[in-house]
Amino acid sequence: MKELNRQHVPVVTRPERIIQFGEGNFLRAFVDWIIRNMNMKTDFNSSVVVVQPIEKGMVDRLGKQDNLYHVNLQGLDKGEAVNSLELIDVISRSLNPYTDHDAFIRLAEQPEMRFVISNTTEAGIAFDPSCKLNDAPAASYPGKLTQLLYHRFKTFNGDKSKGLIIFPCELIFLNGHKLKETIYQYIDLWQLGDDFRNWFEEACGVYATLVDRIVPGFPHKDIDAIKEKLQYNDNLVVQAEVFHLWVIEAPQEVAKEFPADKAGLNVLFVPSEAPYHERKVTLLNGPHTVLSPVAFLSGIDIVRDACQDEVIGKYIHKVMFDELMETLNLPKAALEQFANDVLDRFNNPFVDHQVTSIMLNSFPKFQTRDLPGLKEYLKRKGELPQGLVLGLAAILTYYKGGKRADGTAIIPNDNPKIISLMNNLWATGSTREVAVNVLAAEDIWGENLNEIPGLTDRIVYYLDEIQEKGMREVVKEIL
């Protein structure tokens with residue numbers, strides 16, 4: 001079997017126009033896959049220089065394969081199963097700035113550089129006041145980026161045509177705003193001057209983005225079959241779902257420079273990321289949070305099986321299409337398309353997504369993902385959404401612990417204070433006391449949910465019904 005490298009795989013040499021901070025699975029299966037498609041289907045014609053953002057990383061492993069690897073997409077596309085392998089050949093070099101700082105800083109001197117893309121985890125966009133301008137390199141990602149920008153500013157004498165377009169992909173709401181604020185902090189800390197500040201403000205763009213693709217990573221159980229199919233020894237294969245979405249809060253002139261739409265990709269340039277963030281949280285994360293306890297207490301362990309179940313599948317559809325979708329403000333057709341894509345993702349035949357893994361920290365998840373929809377539905381419709389309320393009652397029931405009807409242990413996992421509260425309340429044996437006290441816990445919800453009209457009584461009703469009839473029968477009542 002051949003080694004995967006450029007000796008065995010001829011690769012087109014393209015101009016280095018993109019600096020990518022991060023070499024992990026997500027960027028390689030999402031951003032680099034997108035760039036590969038842009039190169040194939042448009043005149044984008046760009047390669048990527050990967051910069052390892054922390055001292056310990058995997059650029060050496062990338063280098064051993066000449067920065068080549070395959071993405072294995074698995075899932076449903078319009079109901080059809082997909083299991084594809086694509087060679088990703090867009091990374092020209094991968095650098096460790098801790099061992100080759102000169103090569104890193106010289107990236108700023110390349111006139112054709114135009115984009116910076118990053119995923120340094122949620123903790124990566126942070127201000128570290130111990131960083132210094134002459135560190136080789138600065139410890140924080142924003143510090144490294146500021147060093148690079150300042151060197152570029154000096155190299156080209158403030159030429160505004162040499163500014164950079166910056167797309168952070170960290171999972172932080174308004175990540176671009178946060179990154180820009182942090183760069184300003186370094187400009188002030190290092191006293192880089194008004195001329196540089198003005199160049200950064202006028203010549204560079206830092207744009208908030210929302211990214212969405214599930215990337216399980218290295219396919220341990222499938223790797224032998226994949227290598228046999230490829231006839232290459234690829235030790236950096238990345239598995240990912242078929243679905244992808246990249247929402248970028250940037251003007252259309254930026255979209256023209258990054259023509260992902262012309263490649264048929266699900267990359268949207270929009271005036272505001274917020275509605276798309278709300279859509280994802282509401283229609284993807286929201287249903288996950290309530291379907292999981294409802295499915296588990298009905299004897300179902302896998303998300304796909306829940307979707308395909310005659311009763312629980314209808315419950316999921318009701319929560320998504322009849323309740324949560326009614327609380328959003330994007331066009332109905334776009335919401336329905338996204339919801340149907342979500343159902344395809346839930347039904348992925350290649351991923352056994354355990355519902356118990358979703359139920360970690362269910363209370364804070366319900367507070368951020370489902371409570372806003374519950375309140376908005378009540379405001380718009382004048383009544384409580386039955387599916388969401390039943391989902392909350394299912395969470396309370398799950399946190400009672402004990403065993404499922406088939407003997408499976410119920411083991412809640414949450415903040416110890418919440419676990420202790422639930423244990424103490426369920427020990428009383430009164431469903432009303434459980435409901436009233438949980439809903440009153442302002443340290444969980446940020447408010448007293450007993451003040452929502454009708455919610456307390458409805459939760460008590462569902463708790464009693466679940467105890468008496470079982471979860472599945474109660475679901476049938478609301479369908």
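Quick look at the numbers
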item	result
Restricting segment 121-132 to residues that are surrounded by 19 or more Cβ atoms within 10 Å (Cβ to Cβ) and in contact with a Gly (Cβ under 9 Å, 6 or more places away or on another chain), the residue that is farthest from Leu189 (Cα to Cα)	Gly124
Segment 139-151 residues that are within 14 Å of Trp199 (Cβ to Cβ), paired with ones that are part of a helix (DSSP H, G or I) and open to solvent by 10 Å² or more (accessible area, probe 1.4 Å) (beta carbon under 8 Å, 6 or more apart)	Leu148/Ile105; His151/Ile105; His151/Glu109
Number of positions in segment 468-479 that are assigned to a helix (DSSP H, G or I) and open to solvent by 60 Å² or more (accessible area, probe 1.4 Å)	6
Filter result for Gln185 (of a type in the set (S, T, N, Q), touching a residue at least 24 places away in the same chain (Cβ under 8 Å), in a helix (DSSP H, G or I) and open to solvent by 40 Å² or more (accessible area, probe 1.4 Å))	yes
Condition met for Ala138 (of a type in the set (A, V, I, L, M) and either in contact with a Cys (Cβ under 6 Å, 6 or more places away or on another chain) or modelled with pLDDT under 95 (or both))	yes
Residue that is hydroxyl-bearing (Ser, Thr, Tyr), surrounded by fewer than 21 Cβ atoms within 10 Å (Cβ to Cβ), within 25 Å of Val237 (Cβ to Cβ) and at pLDDT 95 or above, where the choices are Ser84, Ser118	Ser84
Single residue of Ile411, Ile452 found to be at pLDDT below 95 and under 33 Å from the mean Cα position of the chain (by Cα)	Ile411
Odd one out for Asn266 among (1) closer than 30 Å to Leu164 by Cα; (2) polar (S, T, N, Q); (3) in contact with a helix residue (DSSP H, G or I) (Cβ under 9 Å, 6 or more places away or on another chain); (4) loosely packed, with under 15 Cβ neighbours inside 10 Å	(4)
Lone qualifier among Asp77, Asp159, Asp66, Asp135 - being crowded, with 20+ Cβ neighbours inside 10 Å and acidic (Asp, Glu)	Asp66
Segment 242-268 residues that are over 18 Å from Leu284 (Cα atoms) and in contact (Cβ under 8 Å) with a residue 40 or more places away in the chain, paired with ones that are surrounded by 20 or more Cβ atoms within 10 Å (Cβ to Cβ) and among the hydroxyl-bearing types (Ser, Thr, Tyr) (beta carbon under 6 Å, 6 or more apart)	Ile248/Tyr207; Ile248/Thr209; Glu249/Tyr207; Ala250/Tyr207
Residues of segment 252-266 classified as farther than 22 Å from Asn329 by Cβ and either touching a strand residue (DSSP E or B) at 6+ places or on another chain (Cβ under 6 Å) or β-branched (Val, Ile, Thr) (or both), total	3
Residues of segment 270-296 classified as under 19 Å from Cys204 (Cα atoms) and open to solvent by 30 Å² or more (accessible area, probe 1.4 Å), total	2
Positions within segment 242-284 being touching a Pro at 6+ places or on another chain (Cβ under 8 Å) and closer than 24 Å to Gly79 by Cβ, in sequence order	Thr282
Asp234, sole failed condition from (1) open to solvent by 10 Å² or more (accessible area, probe 1.4 Å); (2) acidic (Asp, Glu); (3) touching a residue at least 24 places away in the same chain (Cβ under 8 Å); (4) farther than 30 Å from Phe127 by Cβ	(1)
Residue within segment 165-172 that is charged (D, E, K, R), open to solvent by less than 10 Å² (accessible area, probe 1.4 Å), within 24 Å of the chain's Cα centre (by Cα) and in the same structural domain as Ile54 (by the TED database) present	yes
Checking Tyr207 against (1) touching a His at 6+ places or on another chain (Cβ under 6 Å); (2) open to solvent by 10 Å² or more (accessible area, probe 1.4 Å), the condition it does not meet	(1)
Residues of segment 94-114 that turn out to be open to solvent by 70 Å² or more (accessible area, probe 1.4 Å) and either part of a strand (DSSP E or B) or free of Cβ contacts under 8 Å to residues at least 40 places away in the same chain (or both), as a count	3
Entirely in segment 201-306, the helices (runs of 4 or more DSSP H) that have 2 or more residues that are of a type in the set (Asp, Glu)	223-230, 252-257
So Phe258, is it modelled with pLDDT under 95 and assigned by the TED database to the domain that holds Lys41	no
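The values are calculated or read from the model by the stated rules, or taken from the named source; none is laboratory data. What you are looking at is a predicted structure, and each value in this text was computed from that prediction instead of being measured. As a convention, Cβ positions derive from the backbone with ideal geometry for all residues, glycine included, and neighbour counts pool all protein chains shown. With ligands, DNA and RNA removed, areas are computed over all heavy atoms of the protein, side chains included. Shrake-Rupley method; radii C 1.70, N 1.55, O 1.52, S 1.80 Å.
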